[in-house]
2 protein chains.
Amino acid sequence: MGAYAELIAYQRETEALGQVAGRLSWDQETMMPRGAAAQRAEESAAMQGVLHARRSDPRIADWLAAAEAELAQEDTVARAQLREIRRGYERTLKVPAALAMALARETALAQGIWAEARAEEDVARFLPALSEVLRLRREEGAALAGAGGDAYDALLQDYEPEATAAELAAMFGAMRPRLVALRDKVQGAGEVPGLSGAFDTALQLELSRELALAFGYDLNRGRIDRAVHPFSSGSGADVRITTRTDPSDPFNCLYSTIHEVGHACYEQAVDPDFGLSALGRGVSMGVHESQSRIYENQLGRSRAFCGWLYGRMREKFGDFGVADEEAFFRVVNRLGRGYIRTEADEVQYNLHVLLRFDLERALVAGDLLPGDLEAAWNDRFQRDFGYAVPKPSQGVLQDVHWSVGLFGYFPTYSLGNLYAGCLHAALRRDLPDLDADLARGDPSRATGWLREKVQRHGALYGPREVIERACGAAPSEAPLLEYLEEKFTPFAG
Amino acid sequence: MGAYAELIAYQRETEALGQVAGRLSWDQETMMPRGAAAQRAEESAAMQGVLHARRSDPRIADWLAAAEAELAQEDTVARAQLREIRRGYERTLKVPAALAMALARETALAQGIWAEARAEEDVARFLPALSEVLRLRREEGAALAGAGGDAYDALLQDYEPEATAAELAAMFGAMRPRLVALRDKVQGAGEVPGLSGAFDTALQLELSRELALAFGYDLNRGRIDRAVHPFSSGSGADVRITTRTDPSDPFNCLYSTIHEVGHACYEQAVDPDFGLSALGRGVSMGVHESQSRIYENQLGRSRAFCGWLYGRMREKFGDFGVADEEAFFRVVNRLGRGYIRTEADEVQYNLHVLLRFDLERALVAGDLLPGDLEAAWNDRFQRDFGYAVPKPSQGVLQDVHWSVGLFGYFPTYSLGNLYAGCLHAALRRDLPDLDADLARGDPSRATGWLREKVQRHGALYGPREVIERACGAAPSEAPLLEYLEEKFTPFAG
């Protein structure tokens, strides 16, 4: 067996173990008994220890060197495998095993503490755990960045290879004034009321399952459960999603589901030849989020699809007090005065993300201390949105991310929106009559286009490259802003 | 840090990874999407590879030697830790890693094939997988036994250290004629009809949950799900059980639950100081089964407890056509003409086990080929029970065990019954007024006695020793037979 084949066989086992670690996280958020948290932290740490040892095995360096020499330059797939394996190897070498294990242990514990603190509206209870997780991640960021490097960029690149905070900040800076202007214009025209009344949660789950299937989710290789925080988990033949239900807000369940289905379909669509390899998953969180957001928004919240969904919801829930398809479209896309990122409309969503992006950069830089985070959040929210956060669960405690150490992750949400804008423009050029499908509740040609252009490639191409190949142009914020302005300006009357 | 402390810290991580592997099996039987089977086989194999490497790490030999020298002879707990670690280490060394991984992979696949073959009543479909699993286990048994050793005994001792097939066969041989005589006498008095009608499965699950709590299962460190084959899984702070429901037979759900709760309570009751150590689990499958069986039978099917359960079932399901407590007790303990081991009454249960014990010894010895297994099963069943197996799901395909490689496991069921007989005699001597509690639906003094005498010790003492310490006498089949004859002879009229 040549060096390349040996390396791929070795990587296959590592990937399989990575899937096991992922399944353990899924279990923790869906199935694990409450009293198992401390033991689970040990289990997760032990798994991270195993993965760290495998990913930093010195044989990898030898295999890589030999394989790089033995492979032809034009063998694109093999070259990409080596690129991804080398990236993972070099990353792992920079982080001591003890730190990787401590992070696994502390984040497993902190997640439970966050959930309790959130339920009890008690920020102080969360602070020691947050401080410890932040301390460890700052240490990790410094180790990854090396001398003279930027710790935040290093963390960001775990989720978005090639990206830098400065470049993202520039793109987001260009988006911000146009988003604020659009928001103010639409909100100035008066508030559209949301839904009222109660929506049976079992029926919500039934309908969300129907939507999941319509958007192409393969339940033979997946499953849907409930969790506090909707997420997608796993790759290849076992890609699971979660959703949540709120009796007064069926859109929470339905659109969370479509969103996670976007993530899950990406993982399920990756070329099976890449299964349990370094290419066998979505290439970055930004590209991942582009899939979830285009499923959820550009497709799921389109006028055409809303027309179909209105009829389906009337069949399911009876008359829920919305007069017609047009009114329903306005309700689905209303610009409310909300606090929660995951429930935000398309215009304000990125404002929520930018707030987090700025705060977490300050945390990682050491310019903001965890003890001052709540006040900083509340101040910034008041400035950005014009009204005050009423309680921590609607403010600084709303997201699970920081508890599990996800610093550098939030900006990939806005980057994903930006990519979704690019992809949507290209998709509409290629499928000009798509609305006729969507009006029948059938997004399959659109999801097929995304599967072909983006999803099947897994990590074969870099994040920017896969978007550029799909769209025929370098990614920019322009298509997203044009789409949003075209969709929402009419709401300003 | 001394050698002992280093070894314990190392073992702690290994135990944590063992828990992860166990959780993966639980997931496979409860949550895993069908289409994930092939990928899961790779994941399980990779986990077994990791565990094998850790358990055969040459440092363990050095730590063991140094720790054995440094520890005082009277340090019972530490000595027991070393004994168990050494046992695991020496076992692992005998089995090549490739074989351990192949077994994990093939059993993960065979389990799915068994489930399909069982659903389709198609033995032929299961045969290739069974042959492969048997081949690998025979190879493993030979490796474990070494030259001149007995492969079946070696496999048996994975589940029941110290036991040999010859010794078990002798004890079971002594039980058999008295069981058959008792069975024939009771059945000769005429058949007691079972329940008729339908029992809402949601209500069954509610009641089974109530029973689980009454028998001491801590749901804060566990959970109950449904699976094809009820089982208990995990140790310490995360011990999960499964149950199943049959609308026409609520006893299936209720007594499966009590049975698995017996297993789970054992794991949950182990001294927390032994958590994630080699002592932190039940000491053998025989002792494990003694707990599940005494919960299920000697307590759960006692006249006193049945009296309480009758009232509770009337409250839950209304009038289900059984006139009074005494009639209910007879229905719960009826000696039907059944095919299914897990649904068998206390008298015939061991006859089901002895059939499997003899067949699997022949399979492992090579005296019986998988292709002849169904015929051998059906012949033997006809001889032992006097009527014919109507279809494979009620015969050779009824149990999951062989598909997952559990050869040498079945006899621990009968050994567990034998141990349960010993424990029950001692329990009744210590708590002569126990029936008053059971008649109120409260087995807590009995489960407390078992916790104190058996469960909390985990693997501190060997299997025979823990039973002997609890009962004050060496284990024998006599107490079980006396209990059964006392309970069932009156049914012969």
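Tabulated values for the structure
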item: Matching entry among B:Phe172, B:Phe231, B:Phe274, B:Phe215 (being closer than 30 Å to B:Trp26 by Cβ and touching a helix residue (DSSP H, G or I) at 6+ places or on another chain (Cβ under 6 Å)); result: B:Phe215
item: One residue from B:Arg125, B:Arg176 being surrounded by fewer than 21 Cβ atoms within 10 Å (Cβ to Cβ), under 21 Å from the mean Cα position of the chain (by Cα) and part of a helix (DSSP H, G or I); result: B:Arg176
item: Subset of the range B:59-71 that is out of contact with any Asp or Glu (no Cβ under 8 Å at 6 or more places or on another chain) and buried (at least 21 other Cβ atoms within 10 Å of the Cβ) - its residue that is farthest from the other protein chains (Cβ to nearest Cβ); result: B:Ala67
item: Residue count, the range B:209-223 (criterion: more than 19 Å from B:Asn297 (Cβ to Cβ) and assigned to a loop (DSSP other than H, G, I, E, B)); result: 3
item: Given (1) free of Cβ contacts under 8 Å to residues at least 12 places away in the same chain; (2) assigned to a loop (DSSP other than H, G, I, E, B), number of the condition B:Arg301 does not satisfy; result: (1)
item: Boolean, B:Ala66 is under 26 Å from A:Leu219 (Cβ atoms) and not assigned by TED's automatic domain parsing to the domain that holds B:Val400; result: no
item: Failed criterion for A:Asp399 (all others in (1) charged (D, E, K, R); (2) open to solvent by 30 Å² or more (accessible area, probe 1.4 Å); (3) not in a helix (DSSP H, G or I) hold); result: (2)
item: The range A:265-317: number of residues that are among the hydroxyl-bearing types (Ser, Thr, Tyr) and farther than 21 Å from A:Leu207 by Cβ; result: 4
item: Hits in the range A:9-58 - residues which are facing chain B (nearest Cβ under 7 Å), in a helix (DSSP H, G or I) and of a type in the set (A, V, I, L, M); result: A:Ala16, A:Leu17, A:Val20, A:Leu24, A:Ala36, A:Ala38, A:Ala46, A:Met47, A:Val50
item: Odd one out for B:Ala98 among (1) open to solvent by less than 40 Å² (accessible area, probe 1.4 Å); (2) without any contact (Cβ under 8 Å) to a residue 40 or more places away in the chain; (3) farther than 23 Å from B:Pro161 by Cβ; result: (1)
item: Hits in the range B:210-219 (condition: open to solvent by 20 Å² or more (accessible area, probe 1.4 Å) and either touching a residue at least 24 places away in the same chain (Cβ under 8 Å) or away from every other protein chain (no Cβ under 11 Å) (or both)); result: B:Glu210, B:Leu213, B:Ala214, B:Gly216, B:Asp218
item: Residue check for A:Ala344: open to solvent by 10 Å² or more (accessible area, probe 1.4 Å), out of contact with any strand residue (DSSP E or B) (no Cβ under 9 Å at 6 or more places or on another chain), more than 21 Å from A:Ala420 (Cβ to Cβ) and not assigned by TED's automatic domain parsing to the domain that holds A:Gln111; result: no
item: Residue within the range B:44-55 that is among the charged types (D, E, K, R) and either touching a Lys or Arg at 6+ places or on another chain (Cβ under 6 Å) or more than 19 Å from A:Thr14 (Cα to Cα) (or both) present; result: no
item: Subset of the range A:72-89 that is over 28 Å from B:Arg54 (Cα atoms) and open to solvent by 30 Å² or more (accessible area, probe 1.4 Å) - its residue that is nearest to the other protein chains (Cβ to nearest Cβ); result: A:Val77
item: Conditions (1) out of contact with any helix residue (DSSP H, G or I) (no Cβ under 9 Å at 6 or more places or on another chain); (2) under 17 Å from B:Glu343 (Cα atoms): number failed by B:Gln382; result: (2)
item: Residue check, A:Ala237 part of a loop (DSSP other than H, G, I, E, B), surrounded by fewer than 24 Cβ atoms within 10 Å (Cβ to Cβ) and hydrophobic (A, V, I, L, M, F, W, C); result: no
item: Any hit, the range B:242-251, residues being assigned to a helix (DSSP H, G or I), modelled with pLDDT of 95 or more, open to solvent by less than 20 Å² (accessible area, probe 1.4 Å) and among the hydroxyl-bearing types (Ser, Thr, Tyr); result: no
item: Failed criterion for B:Gln204 (all others in (1) modelled with pLDDT of 95 or more; (2) at positive phi; (3) more than 14 Å from chain A (Cβ to nearest Cβ) hold); result: (2)
item: Near pairs, Cβ below 6 angstrom, 6+ apart or cross-chain, from the range B:50-70 (over 19 Å from B:Leu99 (Cβ atoms)) to any residue that is among the basic types (Lys, Arg) and open to solvent by 60 Å² or more (accessible area, probe 1.4 Å); result: B:Leu64/B:Arg86
item: Residue within the range A:187-199 that is aliphatic (A, V, I, L, M) and in contact with a Gly (Cβ under 6 Å, 6 or more places away or on another chain) present; result: yes
item: Residue check, B:Gly149 free of Cβ contacts under 8 Å to residues at least 24 places away in the same chain and open to solvent by less than 60 Å² (accessible area, probe 1.4 Å); result: yes
item: Of the criteria (1) at pLDDT below 95; (2) more than 14 Å from every other protein chain (Cβ to nearest Cβ), which one A:Glu6 fails; result: (1)
item: Selected residue [modelled with pLDDT of 95 or more and either closer than 30 Å to B:Ala344 by Cα or open to solvent by 60 Å² or more (accessible area, probe 1.4 Å) (or both)] from B:Leu109, B:Leu134; result: B:Leu134
item: Looking only at the range A:347-365, and only at residues there that are open to solvent by 10 Å² or more (accessible area, probe 1.4 Å) and without any contact (Cβ under 8 Å) to a residue 40 or more places away in the chain, the one that is farthest from the chain's Cα centre (by Cα); result: A:Ala362
item: A:Gly222 vs. criteria buried (at least 18 other Cβ atoms within 10 Å of the Cβ), over 16 Å from the mean Cα position of the chain (by Cα) and either away from chain B (no Cβ under 13 Å) or over 22 Å from A:Phe329 (Cβ atoms) (or both); result: yes
item: Set B:Glu206, B:Glu260, B:Glu289: member being touching a residue at least 24 places away in the same chain (Cβ under 8 Å), surrounded by fewer than 24 Cβ atoms within 10 Å (Cβ to Cβ) and out of contact with any Lys or Arg (no Cβ under 7 Å at 6 or more places or on another chain); result: B:Glu206
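To keep it simple, each residue is scored yes or no on (1) under 27 Å from B:Thr243 (Cα atoms); (2) touching a residue at least 12 places away in the same chain (Cβ under 8 Å); (3) open to solvent by 10 Å² or more (accessible area, probe 1.4 Å).
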{"site": "B:Met1", "(1), (2), (3)": "no, no, yes"}
{"site": "B:Leu7", "(1), (2), (3)": "no, yes, no"}
{"site": "B:Arg12", "(1), (2), (3)": "no, yes, yes"}
{"site": "B:Gly18", "(1), (2), (3)": "yes, yes, yes"}
{"site": "B:Ala21", "(1), (2), (3)": "yes, yes, yes"}
{"site": "B:Glu29", "(1), (2), (3)": "yes, yes, yes"}
{"site": "B:Ala46", "(1), (2), (3)": "no, yes, no"}
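The values are calculated or read from the model by the stated rules, or taken from the named source; none is laboratory data. What you see is a predicted model; the values in this text were computed from it and never measured. Positions of Cβ are generated from backbone atoms using ideal geometry, with glycine treated the same way; all protein chains shown enter the neighbour counts. Remember, those area values only see protein heavy atoms, side chains included, never the ligands or the DNA or RNA. Shrake-Rupley method; radii C 1.70, N 1.55, O 1.52, S 1.80 Å.
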